[in-house]
1. Of the residues 102, 116, 151, which single one is surrounded by fewer than 18 Cβ atoms within 10 Å (Cβ to Cβ), more than 30 Å from residue 206 (Cβ to Cβ) and among the aliphatic types (A, V, I, L, M)?
2. Could you list all residues from segment 342-353 that are more than 14 Å from the ligand (Cβ to nearest atom) and surrounded by 22 or more Cβ atoms within 10 Å (Cβ to Cβ)?
3. Determine which member of the set 213, 227, 276 is in contact with a strand residue (DSSP E or B) (Cβ under 9 Å, 6 or more places away or on another chain) and buried (at least 24 other Cβ atoms within 10 Å of the Cβ).
4. Looking at segment 222-248, which of its residues are among the acidic types (Asp, Glu) and within 8 Å of the ligand (Cβ to nearest atom)?
5. Cβ-Cβ under 7 Å, sequence separation 6+ or interchain: first residue in segment 212-235 and under 22 Å from residue 272 (Cα atoms) and at pLDDT 95 or above, partner assigned to a loop (DSSP other than H, G, I, E, B) and more than 16 Å from the ligand (Cβ to nearest atom). Which pairs?
6. If residue 64 satisfies all but one of (1) farther than 23 Å from residue 146 by Cα; (2) surrounded by 19 or more Cβ atoms within 10 Å (Cβ to Cβ), what's the number of the condition it fails?
7. Answer yes if at least one residue in segment 365-377 is buried (at least 17 other Cβ atoms within 10 Å of the Cβ), more than 16 Å from the chain's Cα centre (by Cα) and assigned by TED's automatic domain parsing to the domain that holds residue 298, and no otherwise.
Amino acid sequence: MNREEMEKKAKKYLNTLCAKMPDRCPGRKQNIKALLMFENIMALYGWKTKRQVFSCITWKENKPVLEAGNKKFSARVSPYSKKCGVKAALKVVSTLDRLRDAEIKGTILLLKGKIAAEQIMPKNFVFYNPPHHKEIYTLLEKKAPAAIITATGRNPQAAGGVYPFPMFEDGDFDIPSVYIKDTLGEKLALYENQPVKLSFNAQRKKSKAWNVAAFKGNSGRRITICAHIDTKDKTPGAVDNATGIVTLMLLAEMLKDYNGKTPVELLVLNGEDFYAVPGQMKYLELNKGKMGQIKLAVNMDGMGFKGKKTAFSFYGIAGKESKKISSVFLKNQGFIKGDMWPQGDHMVFASAGVPAAAITSENLNQLCADITHTYRDKPSIADCAKLVDTAEALKELILKY
Ligand SMILES: [Zn+2]
């Protein structure tokens, strides 16, 4: 297949994923459809696939009603929140210190200012979870407000281009909550100690989904190339991360006759953008004590942004190894050595001592601030030629090992 046909195919894959299967949260219909599409393509090019099945929840909500002093306030339900129907006095807390001695049982608690400056890591998230986040959860569960309103600003690092961002995004946290703009939080705070009404419907439903691991080659230590297939709620997820999945599909075709000495695993992880990272946890569980069988892991996330270079970075790769891998990428002028990015699925490998590389776009920060996790992340912002370039570079890298 020539270059032009490959690019055409990439476009087709990308459009199919984003237009026909947007909203690919783990366990949702579109998520399952995308997994089946990936499995079919792997089978077509002679890859042996294995499902790594896990339990998760899917979630539905309706628009909340938030009222204070006969005024309506615009709010959104925090992802995965339980439903709520409360009328209670409003209490306002702006710092962790204040929260420590606040009496808030049965109230509607407004968190704003410093305490609401960042997104709180989910309770059971193991990869990164600072003590003050854990303390916030512990205090809230002990003090038991009836419901929580969080007033938030912008936080590109954790929340992408979403404003306001949900301070809580956790299906394991059972106090109902909504989020509103920081500016609105200031207005609502004027109603402290007065009755406020908050009601909405929401539903957590048990579901199942899986990772797909596709293999070729003999036994021995393998190379794992991965990308996450899930998206944030209600987003098409083009550059985050359909481009990574498309590149895996292109690579599968380029390697359809692969018979090299190093086994290759093309891995679709399911849950990078989901609070409980279920696919990542499942992969670690299944590979417990066996991560040493991976000699190199490459993760693609946020790559293929139009007009920007493709950036690679290394984790636990140095010296000769680093030169060898860099030289493959740098043959193409569309690649640069990028900044360190100690988040994302490459850390699943790096934190287990596996040499890992990340492939993303050079402008990741801008991407995060404006586009990631919003409806703006659609195929028109991606350049499919970059996906073909990356698949070609990965093929060459695999043949070198
Ligand atoms: Zn991503």
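The values are calculated or read from the model by the stated rules, or taken from the named source; none is laboratory data. Quantities reported herein were computed from a predicted structural model and do not represent experimental measurements. As a convention, Cβ positions derive from the backbone with ideal geometry for all residues, glycine included, and neighbour counts pool all protein chains shown.
1. Answer to the selection: 102.
2. Selection gives 349 alone.
3. 227
4. The one that is among the acidic types (Asp, Glu) and within 8 Å of the ligand (Cβ to nearest atom): 240.
5. Listed by first residue and then by second, the contacts come to 214/47; 215/47; 215/263; 223/262; 223/401.
6. (1)
7. no
Rundown of residues vs (1) more than 14 Å from residue 326 (Cα to Cα); (2) more than 14 Å from the ligand (Cβ to nearest atom); (3) not charged (D, E, K, R), yes/no style:
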residue: 360; (1), (2), (3): yes, no, yes
residue: 364; (1), (2), (3): yes, no, yes
residue: 371; (1), (2), (3): yes, no, yes
residue: 375; (1), (2), (3): yes, yes, yes
residue: 387; (1), (2), (3): yes, yes, yes
residue: 390; (1), (2), (3): no, yes, yes
residue: 393; (1), (2), (3): no, yes, yes
residue: 396; (1), (2), (3): no, yes, no
residue: 399; (1), (2), (3): yes, yes, yes
